[in-house]
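The values are calculated or read from the model by the stated rules, or taken from the named source; none is laboratory data. Quantities reported herein were computed from a predicted structural model and do not represent experimental measurements. Methodologically, a virtual Cβ is constructed for each residue, glycine included, from the backbone with ideal geometry; neighbour enumeration extends over all protein chains shown. Side chains included, ligands, DNA and RNA excluded: accessible areas come from the protein's heavy atoms. Shrake-Rupley method; radii C 1.70, N 1.55, O 1.52, S 1.80 Å.
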Amino acid sequence: MSAQSLSDNYQGVWGQRIGFGARPALLMIDFMQGYTTPGAPLYAPGVVSAVEQSVALLDAARRLGVLLVHSNIRYHAADCADGGMWVRKAPVMKDMVDGNPLAEFCAAVAPLPGEQVVTKQYASVFFATSLAAQLHAQGVDTLILAGCSTSGCIRASAVDGVQHGFRTIVVRECVGDRHQAPHEANLFDIDSKYGDVVSLEETLDYLQRLAR
């Protein structure tokens, strides 16, 4: 099926725009060195680019006082048993333990002292965490997602984001994957059903307008 026929097939059924709201939060999801270190099992060339592009987004959020949350993955139980069935399905995630350099944040987008870090064991930043309740209590209506991987933790967080009642925005240049095909397929699916996939330029313009 061609890209055009796929678009025609979805037109009028999926793909409505939800738009930005009045109070955003930026979620920087799992920008860890395992995804950007050549030769590492999780290495994803698309994430290298996403980190580079996300510097401007992160700087804007900090400068404009946008609510900011980082996330990482950590397992603490023996043999990563706290990762449950997901780690059985994807044992590569066992790199995400204390002391492994691959589990550390990418330096260019690492949290500053005092910035919140949500630690999770599964794909979605919302699963088994208190994040949704926190964001609702703070009046957040819009989630801006950057991070990795597009087909994994970004998609899972986008699905949970809309299910928790948030306007979910994925910044195209600021998410990445290990291969372009699943990256593009999941961006198409997110944009069709769960949120809006928008450009970095559009997102920065929104944040500037909101600040004014």
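Take Thr37, project a point 7 Å from its Cα along the Cβ direction, then tell me which residues of the range 51-88 have their backbone nitrogen under 16 Å from it.
Answer for the range 51-88: 73-75.
Could you identify which residue out of Ser157, Ser130, Ser71 has the top mean-square fluctuation in a GNM of the chain using Cα springs shorter than 10 Å?
Of Ser157, Ser130, Ser71, the Gaussian network model singles out Ser130 as fluctuating most.
Quickly estimate the mean residue ellipticity at 222 nm for the chain, helices only: each DSSP H run with n ≥ 4 gives -39500 (n - 2.57), and the total goes over all residues, rounded to 500.
Computed ellipticity for the chain at 222 nm equals -11000 deg cm²/dmol.
Roughly what % antiparallel, to the nearest 5, for the DSSP beta bridges in the chain?
Working: 1 of 27 bridges.
Approximately 5 percent, going by the DSSP bridge assignments.
Would you tally the net charge around Val97, using a Cβ to Cβ cut-off of less than 12 Å, leaving Val97 out, and scoring K and R as +1, D and E as -1?
Charge balance in the 12 Å sphere: -3.
Please state, to two decimals, what the Cα-based radius of gyration of the range 53-167 comes to when divided by 2.2 N^0.38 Å (N = residues).
In units of the 2.2 N^0.38 Å rule of thumb, it is 1.09.
I'd like the accessible area for Leu67, computed on protein heavy atoms only with a 1.4 Å probe and all protein chains in place. Round to 10 Å², please.
Counting only protein heavy atoms, Leu67 exposes about 30 Å² to solvent.
Viscosity 1.002 mPa s, temperature 20 °C: Stokes-Einstein D of the range 133-187 from its Kirkwood Cα radius, in µm² per second? Can you show the working numbers first?
On the way: Rh = 11.6 Å.
Roughly 185 µm²/s, to the nearest whole number.
Taking every pair of alpha-carbon atoms in the range 120-212, what share in percent sits in each 5 Å bin, from 0 to the bin with the longest distance?
The distribution over the range 120-212 is 3, 14, 25, 24, 19, 11, 4, 1, given as percents.
What number comes out for the charge environment of Val198, summing +1 per Lys or Arg and -1 per Asp or Glu over other residues with Cβ under 13 Å away?
Here the count lands on -3.
How many nm is it between the label spots at Glu52 and Leu112, if each spot is 7 Å from the Cα in line with the beta carbon?
Output for this residue pair reads 2.4 nm.
When the scattering of the chain is computed by the Debye formula from its Cα atoms alone, each counted once and equally, what is log10 I(q)/I(0) at q = 0.08, 0.12, 0.16, 0.17 Å⁻¹?
-0.26, -0.60, -1.07, -1.20
Work out the length of the dipole vector of the chain about its Cα centre, built from +1 on the beta-carbon of each Lys and Arg and -1 on the beta-carbon of each Asp and Glu, and round it to the nearest 20 debye.
340
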